[in-house]
Amino acid sequence: MALPTFDIDTPMAYHVAQHNILQRLDAGDDAGTVREEWRQAIERIIDNHLAGNDALSFVTAPALGPVD
């Protein structure tokens, strides 16, 4: 089932991604792994959009705490 198109809050999306990346690095995750997982997430989002799908591409990230 396709989800409706929505307005993207780019500053908030950037903040959430940055927060997750920094939390993971501070928790001791390997920088290369963090980088590759986010690169793959971005590729899935782009590929999903280019395929003409009107749906979100959900990604899994470790739960490390609330976003400030």
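The values are calculated or read from the model by the stated rules, or taken from the named source; none is laboratory data. Please read these numbers as outputs of a predicted model, since none were measured by experiment. Every residue, glycine as well, gets a Cβ built from its backbone with ideal geometry; the counts of neighbours run over all protein chains shown. Keep in mind that these areas ignore ligands, DNA and RNA; they rest on the heavy atoms of the full protein, side chains included. Shrake-Rupley method; radii C 1.70, N 1.55, O 1.52, S 1.80 Å.
Assess whether ALA13 counts as being assigned to a helix (DSSP H, G or I), aliphatic (A, V, I, L, M) and surrounded by 11 or more Cβ atoms within 10 Å (Cβ to Cβ). For ALA13, the condition - assigned to a helix (DSSP H, G or I), aliphatic (A, V, I, L, M) and surrounded by 11 or more Cβ atoms within 10 Å (Cβ to Cβ) - is not met.
Checked against the criterion of being modelled with pLDDT of 80 or more, open to solvent by 60 Å² or more (accessible area, probe 1.4 Å) and outside any helix (DSSP H, G or I), the candidates ASP29, ASP68, ASP54 yield just one match: ASP29.
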